[in-house]
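S.K.: Sending over a structure as structure tokens; questions will come in a sec.
The values are calculated or read from the model by the stated rules, or taken from the named source; none is laboratory data. Owing to the predicted nature of the structure, the values given are computational and were not obtained by experimental measurement. Cβ sites come from the backbone with ideal geometry, for glycine too, and all protein chains shown count toward neighbours. The area values use the complete protein model at the heavy-atom level, side chains included, leaving out ligands, DNA and RNA. Shrake-Rupley method; radii C 1.70, N 1.55, O 1.52, S 1.80 Å.
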Amino acid sequence: FQYLKRFDQGCSLDAFCYEELSVEGSPAECLQQLLLHCGITDPSWAELRNFTWFLNVQLRDCEASVFCNPDFVQDTLKGF
């Protein structure tokens with residue numbers, strides 16, 4: 001949710017990193033963001049769960065990758 005919210009606001013996601021147990025927004029805002037970005041017009045709960053699971057795995061791997069660390073790559077992959 002935090003990544004999707006910042007993406008919609010036009011913020012740079014390069015330096016953002018999720019902090020465990022941090023809470024932003026309401027459950028209704030979270031659901032709205034998920035519905036906007038999941039790519040399915042009328043998703044089931046299972047489809048939303050699969051979307052969030054996949055997104056979380058991808059973002060966790062991205063945060064852990066040295067190649068996505070802005071301190072390491074400097075400005076060579078800006079916006080990647």
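S.K.: Could you please tell me which pairs satisfy a Cβ distance under 9 Å, a separation of 6+ or placement on different chains, a first residue in the range 1-21 that is without any contact (Cβ under 8 Å) to a residue 12 or more places away in the chain and farther than 12 Å from Leu34 by Cα, and a second residue that is open to solvent by 80 Å² or more (accessible area, probe 1.4 Å) and part of a helix (DSSP H, G or I)?
M.R.: Pairs found: Leu13/Phe7.
S.K.: Given the conditions (1) in a helix (DSSP H, G or I); (2) at pLDDT below 95; (3) closer than 22 Å to Gln9 by Cα; (4) open to solvent by less than 100 Å² (accessible area, probe 1.4 Å), report the number of the one that Glu29 does not fulfil.
M.R.: (2)
S.K.: Output the qualifying pairs, or none if there are none: Cβ atoms under 7 angstrom, residues six or more apart or on different chains, first residue in the range 51-62 and open to solvent by less than 90 Å² (accessible area, probe 1.4 Å), second residue modelled with pLDDT of 90 or more.
M.R.: Taking only residues 6 or more apart or on different chains, the pairs are Phe51/Leu34; Phe51/Cys38; Thr52/Leu34; Leu59/Tyr3.
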